[in-house]
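Read the structure below first, then the notes.
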Amino acid sequence: MFIKISPSIQCLPLTDDDDLTSEQENALLEQCPTINLHKINNKEQISQYLMRLFAYYFQISPQVINLNSNIVDDIERHVWAKELGVAFDDVTYGRLFCSQDDEGNAVGGLEDRGMMIATMYMTDFPDLVGIKEVRSAQEATFEAEDDEFGSYFDCETLDELSDLIYSVCKKLNN
């Protein structure tokens, strides 16, 4: 697998407001935290960046995020609570693409828990952290084994995600 490391690219936060003026978009982009993994000296820098990034990207209070925050069970639930206008404890998850049995119970399909985070990882996250898989050695910063670092999807907390990204930095500095 070929990995390219570059300075992060600012992205707009996840928002329902598609009617932003260019001035509003620029103002939001200026708030987007950035990172350059080539210049990282310790894990703490990544940890602080990730907490600011998740608060910005999902437009939630930074006070509800810490390194032990579970990415799905805490952060995503805070996002849904804000979006739905309900208390954090009232957030529930449903199922997509399911049917009903004879008693009206949902069967089959996929639980929608974690889909918001998965969408972030698949769309904006590579730009926001500056780590991308590329097709050739010429484009790459370095080559890695397929299972050398693990996956963002396997990280339960921001601390675990920080560990994973810092492991990439250590490889970068070798």
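Some notes on this structure:
- Its alpha carbons give region 1-52 an Rg and a Dmax of 14.0, 40 Å.
- Length gained on full extension, Phe2 to Glu30: 7.0 nm, using 0.36 nm per residue less the C-alpha separation.
- Peptide ranges 155-163, 110-118 listed from the most packed, as the mean C-beta count within 10 angstrom indicates: 155-163, 110-118
- If you take all other residues with their beta carbon under 12 Å from the beta carbon of Val64, and give Lys and Arg +1 and Asp and Glu -1, the sum is 0.
- Using the 1.4 Å probe convention, the accessible area of region 90-138 works out to 66 Å² per residue with neighbouring protein chains retained.
- Percent accessible area from carbon and sulfur atoms, region 22-149, protein chains only, probe 1.4 Å: 45 percent
- Inter-part distance, region 40-77 to region 89-150, computed on C-alpha centroids, equals 18 Å.
- Short to long, the 5 Å bins of the Cα pair-distance histogram for region 56-118 hold 4, 16, 23, 21, 14, 11, 6, 3, 1, 0 percent of all pairs.
- Assigned charges on the beta-carbon of Lys, Arg, Asp, Glu; the chain dipole about Cα centre (debye): 880 debye
- Our summary of shape: the Cα atoms of the chain have principal axis extents of 59, 40, 30 Å, ordered from largest down, in whole angstrom.
- A helix-only calculation puts the chain at -11000 deg cm²/dmol for mean residue ellipticity at 222 nm, using -39500 (n - 2.57) for each DSSP H run of at least four residues, averaged over all residues.
- Selected from Gln59, Cys155, Ile3, residue furthest toward positive end of dipole (the chain; charges at beta carbon): Ile3
- Calculated FRET value between Glu148 and Arg95, using beta carbons and R₀ = 35 Å, to 0.05: 0.50
- Sequence ranges 86-92, 129-135, ranked by mean other-Cβ count within 10 angstrom, highest first: 129-135, 86-92
- Given charges at beta-carbon only (K, R positive; D, E negative), |dipole| of region 82-161 in Debye: 380 debye
The values are calculated or read from the model by the stated rules, or taken from the named source; none is laboratory data. Predicted, not measured: the structure shown is a model, and the values here were computed from it. All Cβ positions, glycine included, derive from the backbone under ideal geometry; neighbour counts span all protein chains shown. Just so you know, the surface numbers come from the protein's heavy atoms only, side chains and all, with ligands and any DNA or RNA stripped out. Shrake-Rupley method; radii C 1.70, N 1.55, O 1.52, S 1.80 Å.
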